[in-house]
Amino acid sequence: MKGDPQPIDGHEEVYPLHKLDDIKSFRNHVIWMMRFNDVLDAEKLADALSRLLEIGDCKKLGGRLRFKADGKLEVVLQKPSTTGERHVFFTHDSYEMRIQDHRLASRLPNATDGPSTHLVSEDFQPFIARPNFPTFDQSIRRNEPQISLHVTSFKDATLVALLWPHVLMDASAGEALLSGWSSVLTGRERDIVVVTGAQDDILLQAAMSKKAETSEKFKLEKNRLTSGTPYFSIAMSVGQVLDSPLQQRAVFIPEAVLNKLKAEVRKEIAEGSENVPFVSESDILIAWICQVVHLLWRDPVQWQL
């Protein structure tokens, strides 16, 4: 039936990777690390995440990546799976001490009252993944699960890290993954959102539809870089080499600050308009960051946001 994974020899189910997902620049890993100031059950976390990957088309996240003859990727599920086998690569470290007593963990960023930036340090890698974590290609050759879960437990806190290949999903899908995971943990599997487009490339279908041919004009078309693009790219590359090294930092924005920004933006765009246009949190944050960069333009510190 259309929309369902097609069995191969009765032993496999195959899901495709779509055109905008299976590109070489996405053949790396997305990393999320979360800190909970409470003691969580690591085994329960792993079991719930693995259970989520058995529900509906969430199964696509629980398969293994495989190269096809043409070099493209697909997701393969072996069936039936081994009883009790988890669909995630789970590892767990435990320390019989408070997090602030740990030499490295005590240096993790803490929440601030206002917006702040925090240095992204490779020193925190032990809390992100198991030792000798494989490269993208190595994980495929080893036939490992796509999603890795690494939990670090302390007496008063828990660090939870997720890693997955970027070709599988982006940050927005990662948010949906967290929501579904929470639903399983709290016994609310009925609330899990149905996965759309696991088999069919709905974005490609939309782009090829007749409606797409009559879409509105891109408002920033006149600002698009065309013939000067190569020179602009070369100038940027030379500038990065000559300037001081870039420093990667994470931006923290408290919920109260974000809510204030949202209220101000929606008030501004509503003035003189009967229909208030939709504006996402991402739109608001990007606009805010652009203003911050403009204000810091003369500062000797180089920013990469």
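Dividing the helix sum by the residues of the chain, where each DSSP H run of 4 or more adds -39500 (n - 2.57), gives a mean residue ellipticity at 222 nm of -8500 deg cm²/dmol. Between Leu285 and Lys24, the contour length at 0.36 nm per residue exceeds the Cα-Cα span by 91.2 nm. Three semi-axes describe the equivalent ellipsoid of the range 63-188; taken as square roots of 5 times the Cα gyration tensor eigenvalues and ordered largest first, they are 30, 18, 17 Å. For the range 152-204, the Kirkwood radius over C-alpha pairs fed into Stokes-Einstein at 10 °C and 1.306 mPa s yields D = 118 µm² per second.
Quarter the surface of the alpha carbon convex hull of the chain and you get the mean projected area, 22.1 square nanometres.
Segment Phe278..His102, full-extension length gain: 58.8 nm, with 0.36 nm per residue of separation and the alpha-carbon distance subtracted. The length gained by stretching the chain between His11 and Ser172 to full extension, at 0.36 nm per residue less their Cα-Cα distance, is 54.8 nm.
Computed from the coordinates by the stated procedures, all read-outs in this text should not be read as laboratory data. Just so it is clear, the structure is predicted and the values come from calculations on it, not from any experiment.
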